[in-house]
1. From the list Asn90, Asn44, Asn36, Asn13, exactly one residue is farther than 28 Å from Gly296 by Cα, under 28 Å from the mean Cα position of the chain (by Cα), open to solvent by 50 Å² or more (accessible area, probe 1.4 Å) and not basic (Lys, Arg). Which is it?
2. Give me the helices (runs of 4 or more DSSP H) completely within the stretch 1-113, filtered to those with at least 1 residues that are acidic (Asp, Glu) and at pLDDT below 95, ordered by residue number.
3. When only residues in the stretch 247-265 that are under 12 Å from Trp203 (Cβ atoms) and under 27 Å from the mean Cα position of the chain (by Cα) count, which is surrounded by the fewest Cβ atoms within 10 Å (Cβ to Cβ)?
4. If a residue has to be assigned to a loop (DSSP other than H, G, I, E, B) and either under 30 Å from Ala46 (Cβ atoms) or open to solvent by 50 Å² or more (accessible area, probe 1.4 Å) (or both) to count, how many in the stretch 120-130 make the cut?
5. Just give me the residues in the stretch 386-423 being in contact with a helix residue (DSSP H, G or I) (Cβ under 7 Å, 6 or more places away or on another chain), open to solvent by 20 Å² or more (accessible area, probe 1.4 Å), of a type outside the set (A, V, I, L, M, F, W, C) and not in a strand (DSSP E or B), in sequence order.
6. Does the stretch 96-106 hold any residues that are out of contact with any Phe, Trp or Tyr (no Cβ under 9 Å at 6 or more places or on another chain) and in contact (Cβ under 8 Å) with a residue 60 or more places away in the chain, and which are they?
7. Of the residues that sit in the stretch 543-559 and are in contact with a helix residue (DSSP H, G or I) (Cβ under 9 Å, 6 or more places away or on another chain), touching a residue at least 40 places away in the same chain (Cβ under 8 Å) and open to solvent by less than 40 Å² (accessible area, probe 1.4 Å), which one is farthest from Gly416 (Cα to Cα)?
8. Which count do you get for residues in the stretch 223-273 that are over 15 Å from Val181 (Cβ atoms), out of contact with any helix residue (DSSP H, G or I) (no Cβ under 9 Å at 6 or more places or on another chain) and hydrophobic (A, V, I, L, M, F, W, C)?
Amino acid sequence: MNTNDKIFVAGHNGLIGSAIVRRLIQDGYTRILTKNRSELDLTNQAAVKSFFEREMPDYIFFAAAKVGGIFANTTYRAEFIYENIMIQTNVIHCAFLSEVKKMVFLACGDVYPVNCPQPAKEECLLTGMLEATCEPFALAKIAGIKMCESYNRQYGTDFIVLIPPNIYGPKQHYDTLNAQVLPSLISKFHTAKVQNSEEVTIWGTGLPARDFLFVDDVADACMFLTKEYSGTDVFNIGTGNCGTILSLAEIVKETVRYEGKITFDIRKPDGVLQKLLDVSRIKELGWQHRTSLKDGVEITYKAFLDEIDKKAIRTSLICQTNVCEKDTVALKTISTNNGNAYVNEQPNTYKDRVVVKPWGYEFLVFENKVVAVWLLYIKKGYSTSMHCHPQKKTSLILLSGNAMSNTFLQRRYLRGGDAIIIEKGVFHSTKTLSDDGVFLLETETPPNKVDLIRLEDRYGRETIGYEGVTEMETKNLNEFDYFHYEESSPDTTYHHQNSRFSVTFEVFPNSDEFQRTFKVNGGELYTSCEGGLLDANNTALLSEGNTQKAEILKNARGLHISEKTILLKTLSNDIK
């Protein structure tokens, strides 16, 4: 591989892909091809084919994949197997058609059977049942491995497969709910240190053992095999050693300089007791890892602090959906054909009323001049209409259950504890994926309930505006678990809780009261109903009508308010 070769790094924004880009730049390679998903959707066969025909890369480092934690793997099984197989099929086949000199394909340790003898050898592939929670993802990766092998044997391509263990390093996700174990521990211990917490609680017994490989060593293995090997073998990479979660926690604790104690919640699952890869095959070629776990954790923690300073910390951010050309065209077409939709007679106030819908019901929880907050319940198998609000922004906060949010641009899968911000004019619908339905909050900025245009509706309401008084229940409100908060209440905190979720409104009249009483625990979502939250540089971290994860606020320095602020805090029991 020469420094003037054209090299495509698929997945360059991810943990492994970004490390490969760093290594290529360090080694003097200047013709590095990278594309964001908005620029190149790897699941789109025509787009990938056009890209390869136009760019004709010489080498490929294939680190792109749809990835997620246990929840995502078990809930969205179809998406994990479909998208990963599509990505792999398109890239691998186009790499063959374009006569790429060499490609390195990154798989994962989940491809090995759940009861695989330890340490797992490459020969163990397809010798037993896969771990159930990650089976679709693992099957897709196995398909990618076998595609590389098949193209090598039939067409003489030079496609190399690497199987790494747990990877960590800079540019990873650090939120405690969605991150893998090592970055999650870094976030936990750092937060505990900043907040002077007496202890850090870790799930399980601390006894499971895992191999942790620093991401720059993954990039090194990719470069090594690109230069030193051609053939059809599959290669495990790793340190070849296992350490317990307890020993890892001790290293992180020492690195962060946290002085509290470590406790374990043994009620939480441990998972497989040991996962280790046999790395003798690549060692025989002359490669081995360079970074010790202690050194790797120190580098990773420094990167974590740097990202905080630069406000570039990677967590699972709230999704935001912006208006697209299809939205504009659809809205214009409806306005031309139908004019304004007929609006039924509306009451003077929506308080103490439940609006009965074909798909469930909704009621007003809170309203001021800035924001209106509604609770929605969508029944099993039902969905809202494909609709938009031309004059207001909407935040959807999932309180309980699993749901699918559709727009013209994207399909997103949400669970309790997730949220999505939908800008005005964006057509969207929400579908239940749970057997017992879903509960969600809908915040509207500014309040305007009759601002509603339906594009498609399975219940025949396309030309009808918002429901009127005849569809509103004013009796037996307890049957709907009705609750409502008035800003005029003398209490500065209002709390509603049930078996599925909790909803809290907190009023902070001034900065002193905010500094005295505000506390971020973790796992909750915050929405501003008035005012906003600022960091030490007076940068807005949470503005009126927007929603933010606790992890973002927890890592902010100098968090404060400049005026009266009302915060809505939600916590889903789905993430406990």
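The values are calculated or read from the model by the stated rules, or taken from the named source; none is laboratory data. Predicted, not measured: the structure shown is a model, and the values here were computed from it. Virtual Cβ from ideal backbone geometry, glycine too; neighbours counted across all protein chains shown. Side chains are part of the model used for accessible areas, which takes the heavy atoms of the whole protein and leaves out ligands, DNA and RNA. Shrake-Rupley method; radii C 1.70, N 1.55, O 1.52, S 1.80 Å.
1. The unique qualifying residue is Asn44.
2. Ranges flagged: 77-97.
3. Asp265
4. 4
5. Within the stretch 386-423, Pro390 is the sole residue that qualifies.
6. none
7. Checked the stretch 543-559; the qualifying residue farthest from Gly416 (Cα to Cα) is Leu559.
8. Within the stretch 223-273, residues that are over 15 Å from Val181 (Cβ atoms), out of contact with any helix residue (DSSP H, G or I) (no Cβ under 9 Å at 6 or more places or on another chain) and hydrophobic (A, V, I, L, M, F, W, C) number 1.
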